[in-house]
1. With each pseudo-label sitting 7 Å past Cα toward Cβ, what's the residue A:15-residue B:69 distance in nm, one decimal?
2. Test of understanding: express the Cα radius of gyration of chain B as a ratio to 2.2 N^0.38 Å, with N the residue count.
3. For residue A:7, put the label point 7 Å out on the Cα→Cβ axis and report which residues of the stretch A:41-68 keep their amide N under 16 Å from it.
4. What's log10 of I(q)/I(0) for chain A at q = 0.18 Å⁻¹, Debye sum over Cα points only, no solvent?
5. Calculate the length of the line joining the C-alpha centroid of the stretch A:40-115 to that of the stretch B:59-108, in whole Å.
6. Magnitude of the Cβ-charge dipole of the protein assembly as shown, K/R +1 and D/E -1, about the Cα centre, nearest 20 debye?
7. Need one number: nm distance between label points at residue A:54 and residue B:27, each 7 Å from Cα along Cα→Cβ, rounded to one decimal.
8. Can you give me the P(r) profile for the protein assembly as shown? Cα pairs, bins 10 angstrom wide beginning at 0, each as a whole percent.
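Only the coordinates and a few stated rules stand behind these numbers; no lab work does. A quick note: this is a predicted structure, and the numbers were derived from the prediction, not measured. No Cβ is skipped: glycine too gets one built from the backbone with ideal geometry, and neighbour counts run over all protein chains shown.
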Amino acid sequence: DAGITQSPRHKVTETGTPVTLRCHQTENHRYMYWYRQDPGHGLRLIHYSYGVKDTDKGEVSDGYSVSRSKTEDFLLTLESATSSQTSVYFCAISDPTGPSGNTIYFGEGSWLTVV
Amino acid sequence: KNEVEQSPQNLTAQEGEFITINCSYSVGISALHWLQQHPGGGIVSLFMLSSGKKKHGRLIATINIQEKHSSLHITASHPRDSAVYICAVLQGAQKLVFGQGTRLTINP
């Protein structure tokens with residue numbers, strides 16, 4: 001299994017508070033992603049990173065920011081949490097130039113509830 | 001219309017039955033993934049394919065690029081196969097577009 005850990009795994013927070021989710025990998029994979037999964041929508045890309053300090057927006061990036069200051073960590077921040085951001089968040093990694101090609105590996109998910 | 005459509009959305013079968021889950025897509029792709037997600041659990045990649053067929057144990061995945069269609073088959077299904085199966089297509093180098101998933105329940 002790929003070494004991906006997400007933290008926290010579960011969090012309840014109040015509307016308007018900032019929240020940061022962390023994704024940590026031990027695989028030295030170049031690409032890292034943050035997705036959210038909601039009933040009726042499947043997985044949707046929030047932001048992704050293709051290297052240290054190189055990030056780009058996905059299809060549902062409003063209200064979220066990311067940072068990647070080192071290869072192994074990709075942080076997702078909700079600047080001011082809203083109830084619409086209650087979701088399950090998945091981190092994923094891939095490395096198309098590596099031996100596994102475009103195989104993608106997912107973290108275990110972070111359940112976020114905004115009340 | 002979603003770029004990736006899966007059918008059926010829900011499937012219930014008896015242990016031992018042959019299972020087929022379908023995925024159709026409307027965009028150009030470089031590869032297609034089949035993923036498995038157990039209740040409350042993480043997501044695991046089962047297959048990545050760009051042509052033909054792949055087999056792993058009781059699971060078989062096929063893809064027809066011309067028809068923009070892929071199928072996931074499970075032979076001799078077992079209750080532990082109960083999960084959500086997700087089709088995802090890779091556009092270009094890194095953009096994944098996901099289907100909404102098929103919830104499979106195998107009864108003993």
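1. 4.7
2. Values: Rg = 13.2 Å, N = 108, 2.2 N^0.38 = 13.0 Å.
Expressed relative to 2.2 N^0.38 Å, the Cα Rg reads 1.01.
3. none
4. -0.85
5. If we compute the Cα centre of each part, the gap is 22 Å.
6. Working: 19 positive and 19 negative charges, 52 e Å.
My answer is approximately 260 debye.
7. 2.1
8. 8, 33, 35, 19, 4, 0
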